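The next block holds one structure in the form of structure tokens; read it before the comments.
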Amino acid sequence: MILALICLAAIAAMILISCGNSVQEKRMITVSILPQKFMLKKIVGDRFEISCMLNEGNNPEAYEPSMTHLMNIEHSVAYFCIGYIGFEDAIVGKAHVNNPDLKIFNTSKGVEVIRGTHFSPEGEHNEADPHLWTSVANAIKISQNMLAAVVELDPDNADEYTRNFNAFKSELDSLDSRIKSQLAGKQGSAFLVWHPSLSYFARDYGLRQVSLEYEGKEIPIDKLKQNIDAARESGAHVLFVQREFDSRQAETIGEELGVKMVKINPMSYNWETELENIANAIANN
Ligand SMILES: [Zn+2]
């Protein structure tokens, strides 16, 4: 009897030790933005640790990573880029020096990029629009790319990842149909936004995005009337503003136009809710 108890205790101890090890051994993937973290979590569940470079409210176009973030990349097995964000190239270069085994995956591979909404630091107007994630169609492509990458990183659990992806894909398909039917009557209509972060959303649903800022900055006084007139002529009833591109001018113009101001946060982990809020605001105004 005592012997049996000792055996049981030994087995229990072994289970505890092996569980402890498996927690320690969980591998880390670094992503750039929270919507990516949300999508990746849907696919990998708890099988990987996910570290994210940008926190809520960080501006992806003017971002300097912290030491903690750089250390996380050095401890990661892979970095999942979102693509077309300037800081990613710099980070990948630095991280490779200390972590030469780091695998890099471009998760926006295959997404048809929109050009002509963003200015380069040199003032050129042909930059790729980096806000790829404000689109359900793009999210499906991004998630597909993520699935392929995690299967490569952990082939033993490929079936599980594929099942998770398929479930998430149905979720995304129904989100897309919901938004489509909500906006069916709004084809061709315009909405205002301070910074052009909803270009892909507009393309998906046949809407027109009118951005108020001027060449990525505040509007100079001599252009103000022109921008306000353009906004008025667009017939839009809603103006989206975003914390990371905050501007006092947006509020003043919104008041002058008498449009509804709606705060959005497409950089949030609650990515689905954000897209639904955007669709609701357009459908109801
Ligand atoms: Zn932008």
Q.
Straight-line reach from Lys141: which lysines fall under 25 Å, measuring Cα to Cα and dropping same-chain residues less than 8 apart?
A. Lys37, Lys41, Lys42, Lys103, Lys109, Lys169, Lys180
Q: Please build a GNM for the chain, connecting alpha carbons under 10 Å apart, and tell me which residue among Glu233, Glu122, Glu88 fluctuates the most.
A: Glu122
Q.
Under 5 Å between amide hydrogens, which residues at least 5 positions from Ile104 or on another chain qualify, with H placed 1.01 Å from N in the peptide plane?
A. Tyr79
Q. Carbon and sulfur atoms: what percent of the 1.4 Å accessible area of the chain do they account for?
A. 52
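Taking only protein heavy atoms into account and a 1.4 Å probe, give the accessible area per residue of the chain in Å². Kindly include the intermediate steps, with their values, before the conclusion.
On the way: 14550 Å² over 285 residues.
With the other protein chains kept in place, the chain gives 51 Å² per residue.
Ordered by packing density, taken as the mean number of other Cβ atoms within 10 Å over each peptide's residues, highest first, how do 123-134, 213-224 rank? Walk me through the intermediate numbers first.
Values: 123-134: 18.2, 213-224: 13.3.
For the peptides 123-134, 213-224, the packing ranking is 123-134, 213-224.
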Q: For Lys26, list the aspartates and glutamates whose Cα falls under 13 Å from its own Cα; do not include residues on the same chain fewer than 8 positions away.
A: Asp46, Glu49, Asp154
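Assuming a ≥ b ≥ c are the square roots of the Cα gyration tensor eigenvalues, decide whether region 27-178 counts as rounded (a/c under 1.5), prolate (otherwise, with a/b larger than b/c) or oblate. Kindly include the intermediate steps, with their values, before the conclusion.
Numbers: a/c = 1.97, a/b = 1.12, b/c = 1.75.
Taking the square roots of the gyration eigenvalues as a ≥ b ≥ c, region 27-178 is oblate.
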Q: Answer rounded, prolate or oblate for the chain, using the Cα gyration tensor with square roots of eigenvalues a ≥ b ≥ c: rounded when a/c is under 1.5, else prolate when a/b is larger than b/c, else oblate.
A: prolate
Q: Any chance you could check the Cα centroid distance between region 221-240 and region 95-168 for me, in angstrom?
A: 34
**Q.** Surrounding net charge for Asn265, when Lys and Arg each add one and Asp and Glu each subtract one, Cβ distance under 14 Å
**A.** -4
**Q.** Degrees between helix 136-153 axis and first principal axis of the chain (Cα, 0 to 90, nearest 10)
**A.** 20
Q. Taking H as built 1.01 Å from N, whose amide H comes closer than 5 Å to the amide H of Ala190, not counting residues under 5 places away?
A. Arg208
Q) Taking H as built 1.01 Å from N, whose amide H comes closer than 5 Å to the amide H of Cys52, not counting residues under 5 places away? A) Val31
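The values are calculated or read from the model by the stated rules, or taken from the named source; none is laboratory data. The structure presented is a predicted model; accordingly, all values stated were derived computationally and were not measured. Positions of Cβ are generated from backbone atoms using ideal geometry, with glycine treated the same way; all protein chains shown enter the neighbour counts. All accessible areas refer to the heavy atoms of the entire protein, side chains included, with ligands and DNA or RNA removed. Shrake-Rupley method; radii C 1.70, N 1.55, O 1.52, S 1.80 Å.
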